[in-house]
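*Asks:* There's a structure below that I have some questions on.
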Amino acid sequence: MMGKSGKWKGLMLLSLFVLLAATVLLVGTATAVTHTEVEGVTRYAPAGPAADEEFEVTLRISYSELPLVVGIVETIPEGFRFVSTTHPSDQYEVSGQKVAFAVIDETEITYRVKAPSSGEGTFTGEWVDLLVLSPKLEEGKERWETIADTIVIVGGGGAGTIDEGVTAPTPTPFVPAVTKASRSIPVMEAGKEVAMVFEDMDVSMIALKADKNVSDAKVVVERVEKSVEIPEPSGIGYIYLDVEVENAGDAKIEGRIEFKVPKSWIADNSIDEATVTLSRYDKDDGWGVLATSKTGEDADFAYFEADTPGFSTFAVTGEKNEEAVEAAAATPTPAATSTPSPTTPPSSEEVPGFEAIFATVSLLIVYTVMFRKKGKGGDMK
Amino acid sequence: MRKILGIVLVTVLLASAGLLAVTPATAQGIIVPGDKNEDKIVSEEELASVIIPYMLGEPEHLGLDEVREIAHIHAYYPRTITDSADREVTIYKPIKRVVCTLAHHIEALRIIKVSKDTIVGVPSSSLDPDFFPEFDDVQGIGHLAWDLSSSDIEMIVALEPDVVLLPAATGPWHTTADDEQEKLEAFGITVIRFTFNQVETIPEEIEESGYIFEKEDEAEEFIDWHDDILNSILEKTSRIENKTKVYSEHSDYEVSKADDDIIAAAGGKDVFEGKENEIEKEAVPLKNPVIILRAVYREEGYGLDADDTAALEEVRDYILDKEELKDEPAVENESVYIVTSHVWTFLPYSGCRPLIGLCYLAKWFHPELFPDTELDPKAIHQEYLTRFQGLNIDLDEKGVFVYPEE
């Protein structure tokens with residue numbers, strides 16, 4: 001057993017190495033309570049279920065890191081009936097048309113609803129992040145957030161018509177099953193977001209918000225080829241989209257667009273995924289890059305979302321991953337006639353890194369065991 | 001006769017009441033919000049059972065802040081640490097009320113920026129009024145952490161703390177806080193034992209404290225600062241082959257083995273390494289120390305004008321004048337240094353500042369290795385006070401802790 005002074009002696013011999021590395025050792029030894037707020041909850045539901053059909057509603061929670069505790073209450077429109085959910089039975093409750101969910105470390109929940117024989121309805125919902133500690137308030141719902149309304153019209157293709165099979169003018173490696181679709185919006189209340197989903201398209205969701213009430217608007221989404229009068233956007237182009245909101249009068253419409261990009265396109269073009277961007281073309285201002293963030297991915301696609309101040313022509317672009325490009329360029333091509341020279345092991349002077357790192361790590365372990373050992377007394381003197 | 005019986009009866013009743021007062025007949029236990037089955041854990045089921053009524057607005061549902069507190073406990077608790085007495089301690093909910101039995105505890109909690117409102121009990125004495133000016137209105141709980149009376153224990157229990165901090169190290173006359181721990185735990189109170197008075201144990205104690213008080217970032221900031229300074233000293237002193245021979249006493253010819261480590265870290269060797277308590281005064285000349293250290297307890301420190309070194313000069317002169325030491329190199333060279341309890345390991349009157357004492361030692365032992373441009377103990381002390389204690393003390397104006405400084 002090493003005495004205390006011996007411990008110091010040993011410590012001092014190690015200190016040169018510990019000097020640089022001790023700080024690193026301490027980082028991350030405890031889990032900090034630094035909860036990142038939930039960013040939002042998005043609802044996905046088919047726009048036009050068939051009469052009396054059961055359909056699935058998905059609530060996806062955007063977040064940065066776990067843990068996660070969110071309360072959600074959904075209000076199912078009159079005439080529609082809650083059927084079931086895969087959520088744990090002790091973590092949801094149905095009360096009339098309301099369904100409350102306690103979401104604990106889950107990022108997606110689904111429930112099934114039965115449509116009436118006809119009619120339409122609006123799914124509404126609210127959520128609250130229960131891991132954000134904030135000053136006490138005598139409150140009710142002051143810190144609740146709303147989930148964008150989802151309008152569902154029963155029968156006949158639902159809230160819009162889907163023009164299936166219209167292919168893009170210029171084929172790209174990936175062509176979705178649907179390249180053009182529209183959605184009718186019977187009512188848009190001023191300041192209230194309305195979301196609609198699109199299946200089998202480049203665009204998977206569009207949310208709109210008008211500055212005044214709008215009736216009978218229509219959203220048309222189409223994959224297009226860039227017209228000649230529009231300049232090229234910066235970066236490597238993937239696709240162009242036209243998104244128009246018709247019959248909105250003089251209302252100013254802003255919104256969010258969620259779109260997907262095939263992972264194969266990203267890989268084939270050495271695209272840095274972090275640079276995938278949605279840009280919007282304005283005939284006066286030209287291309288404007290929209291703040292774009294990744295929302296998720298599956299086996300084939302990466303999903304992104306961007307806020308837009310209006311709707312017109314959009315481009316999805318990306319930048320090459322420079323490091324990958326440079327690495328590829330720097331890779332020497334061995335000459336076919338070259339004669340391999342004998343491999344000389346690097347001396348410790350030539351390559352100090354590995355041994356120094358090994359020694360530092362080893363010594364850090366010793367440092368941890370010895371220096372952090374507890375129980376040292378301190379008698380009154 | 002009746003009168004006598006009455007007196008006896010009253011006496012017996014009073015004695016019984018006094019006994020009951022210190023008997024943990026009703027242990028407080030730990031009540032965790034949202035924990036319905038009393039296992040101290042908030043399960044997913046228990047959490048969901050408060051969220052859903054809240055979301056549906058059912059009658060008598062909990063408020064948002066209560067639901068969030070329960071969610072927080074579910075997500076982040078329990079938290080288990082090992083304290084400095086090598087005890088595993090589990091905390092089941094955020095600590096809102098803590099009793100400190102040592103000034104060091106308060107200082108440590110200030111390092112990690114625990115709110116003063118969380119500290120509901122403090123030592124009744126040994127709090128330097130210049131260093132802890134804001135704790136006058138906090139309940140005192142006794143005088144020495146190692147010798148709390150029954151009434152002190154009663155007082156602590158009455159404060160309903162979530163946690164009581166007791167020292168891990170032995171105290172005056174080699175007492176321990178084991179009895180205090182046992183008594184408090186009998187009331188169902190969680191006890192954690194930290195001392196925060198040694199250079200090499202403070203970082204881990206701060207790290208563990210940061211974890212249980214949810215102040216991990218604040219703890220990390222301090223540990224980084226502390227270890228940067230410590231390592232900059234060790235990096236140089238570790239290369240020294242001939243250690244400076246140091247005689248350290250805290251009273252005339254009374255030594256402590258607790259000084260061995262800090263002297264070694266500064267590049268010295270305690271000539272009475274491993275010794276404890278009184279030594280023969282004739283033994284000192286035989287060791288030929290080249291440095292003499294004298295640790296002194298001074299209530300004043302931060303309250304003194306910076307140039308008011310009279311009291312420390314007096315102690316130093318007293319040592320320099322000792323007949324039996326007059327031929328020692330330390331005395332001949334006037335290498336006699338006085339260090340006060342504020343920056344030493346002088347329980348129970350010191351604090352979490354032995355690192356500052358170590359900085360002075362390193363400069364005294366090896367001035368050629370530690371020029372002012374590379375190690376400035378006063379500047380380090382000032383940064384500690386301002387950055388980690390939030391104190392508005394200007395060391396150019398106030399404070400005397402060593403003599404001479406160089």
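The values are calculated or read from the model by the stated rules, or taken from the named source; none is laboratory data. Only a predicted model underlies this, so the values are computations on that prediction, with no experimental measurement involved. Cβ placement follows ideal geometry from the backbone for every residue including glycine, while neighbour counts extend to all protein chains displayed. In case anyone asks, the SASA skips ligands and DNA or RNA and just uses the protein heavy atoms, side chains included. Shrake-Rupley method; radii C 1.70, N 1.55, O 1.52, S 1.80 Å.
*Asks:* Any idea how far apart B:Asp178 and B:Thr386 come out in nm if each label point goes 7 Å out from Cα toward Cβ?
*Replies:* Once both label points are built, they end up 4.6 nm from each other.
*Asks:* Let me ask you something else. Step through the residues of the range A:181-193 one at a time and calculate ³J(HN,Hα) from phi using the Karplus curve (6.51 cos²θ - 1.76 cosθ + 1.60, θ = phi - 60°), rounding each to whole Hz and writing x for Gly and Pro.
*Replies:* Residue by residue, the range A:181-193 yields 7, 9, 9, 8, 10, x, 9, 10, 7, 4, x, 10, 6 Hz.
*Asks:* Now a separate question. Treating cross-link reach as a plain straight distance, find the aspartates and glutamates whose alpha-carbon is under 13 Å from the alpha-carbon of B:Lys398, omitting any fewer than eight places away in the same chain.
*Replies:* B:Asp130, B:Glu300, B:Asp305, B:Asp307, B:Asp308
*Asks:* P(r) for the range A:211-309: what percent of alpha-carbon pairs falls in each 10 Å bin, starting at zero?
*Replies:* It works out to 13, 42, 33, 11, 1, in whole percents.
*Asks:* With a cut-off of at most 15 other beta carbons within 10 Å, and DSSP calling the residue loop, which GluC sites (Glu not before Pro) in the range B:30-138 qualify? Please list them.
*Replies:* When the GluC sites (Glu not before Pro) of the range B:30-138 are filtered for loop state and at most 15 Cβ neighbours within 10 Å, B:Glu38, B:Glu60, B:Glu134 remain.
*Asks:* Let me ask another. What FRET efficiency do you get for A:Val132 and B:Glu88 if R0 is 30 Å and r is their Cβ-Cβ distance, rounded to the nearest 0.05?
*Replies:* Once the sixth-power term is evaluated, E becomes 0.45.
*Asks:* Evaluate peptide B:42-54: per residue, the Cβ atoms of other protein chains within 10 Å of its Cβ; return the mean as an integer.
*Replies:* Other-chain Cβ atoms within 10 Å of each residue's Cβ, averaged: 6.
*Asks:* OK, next. Name the residues of the range B:242-267 whose accessible area falls by at least 50 Å² when all protein chains are present instead of the chain alone, probe 1.4 Å?
*Replies:* Listed by number, the residues meeting the 50 Å² cut-off are B:Asp261.
*Asks:* Further question: Taking the Cα-to-Cβ direction at A:Val289 and at A:Ser62 and moving 7 Å from each Cα, how far apart do the two end points lie in nm?
*Replies:* Using points 7 Å along Cα→Cβ, the separation is 1.9 nm.
*Asks:* B:Lys322 to B:Lys96: FRET efficiency via 1/(1 + (r/R0)^6), r the Cβ-Cβ distance, R0 60 Å, to the nearest 0.05?
*Replies:* Computed FRET efficiency for B:Lys322 and B:Lys96 comes out at 0.65.
*Asks:* Using only the Cα atoms, what convex hull volume per residue in Å³ does the range B:240-403 have?
*Replies:* Hull volume over Cα atoms, normalised by residue count, gives 113 Å³.
*Asks:* Out of the trypsin sites (Lys or Arg not before Pro) in the range A:216-309, which ones are loop residues according to DSSP with at most 15 other C-beta atoms within 10 Å?
*Replies:* Passing both the DSSP loop test and the Cβ count: A:Lys252, A:Lys283.
*Asks:* Under 5 Å between amide hydrogens, which residues at least 5 positions from A:Ser95 or on another chain qualify, with H placed 1.01 Å from N in the peptide plane?
*Replies:* So A:Ser95 has HN proximity to A:Ala100.
*Asks:* So, one more: Just how far, in whole angstrom, is the range B:168-209 from the range A:183-234 if you go by their alpha carbon centroids?
*Replies:* 65
*Asks:* Here is a follow-up. Could you identify which residue out of B:Val99, B:Val343, B:Val138 has the top mean-square fluctuation in a GNM of chain B using Cα springs shorter than 10 Å?
*Replies:* Sorting by GNM fluctuation, first place goes to B:Val138.
*Asks:* Report Rg(Cα)/(2.2 N^0.38 Å) for the range B:166-256, keeping two decimals.
*Replies:* 1.46
*Asks:* At what distance in angstrom do the alpha carbon centres of the range B:267-292 and the range A:87-119 lie from each other?
*Replies:* Going from one Cα centre to the other spans 77 Å.
*Asks:* How large is the charge dipole for chain B, taken about the Cα centre, if only the Cβ atoms of Lys, Arg (+1) and Asp, Glu (-1) carry charge, to the nearest 20 debye?
*Replies:* Result for chain B is approximately 1240 debye, rounded to the nearest 20.
*Asks:* Mean shadow of the range B:80-214, computed from the convex hull of its alpha carbons, in nm²?
*Replies:* 7.5
*Asks:* Along the charge dipole of the range B:240-403, which of B:Ala330, B:Gln382, B:Ile279 sits closest to the positive end, that is, farthest toward it, with unit charges on the beta carbon of Lys, Arg, Asp and Glu (+1, +1, -1, -1)?
*Replies:* My answer, from the dipole projection, is B:Gln382.
*Asks:* I would also like to ask the following. Find the percent of Cα-Cα distances in chain B that exceed 35 Å, and round it to a whole number.
*Replies:* For chain B, the fraction of Cα-Cα distances above 35 Å is 38 percent.
*Asks:* Right, another one. Between chains B and A, what is the buried accessible area in Å², counting both sides, with a 1.4 Å probe and ligands, DNA and RNA left out, to the nearest 100?
*Replies:* Summing both chains' loss of accessible area gives about 5900 Å².
*Asks:* Whole number please: convex hull volume per residue, Cα atoms of the range B:215-288, in Å³.
*Replies:* Expressed per residue, the convex hull around the Cα atoms of the range B:215-288 is 104 Å³.
*Asks:* Extension gain A:Ser84-A:Val175, at 0.36 nm per residue separation less the Cα-Cα distance, in nm?
*Replies:* Full extension from A:Ser84 to A:Val175 adds 29.3 nm.
*Asks:* Expressed as a whole percentage, what fraction of the accessible surface of the range B:76-228 belongs to carbon and sulfur atoms when a 1.4 Å probe is rolled over the protein heavy atoms?
*Replies:* 44
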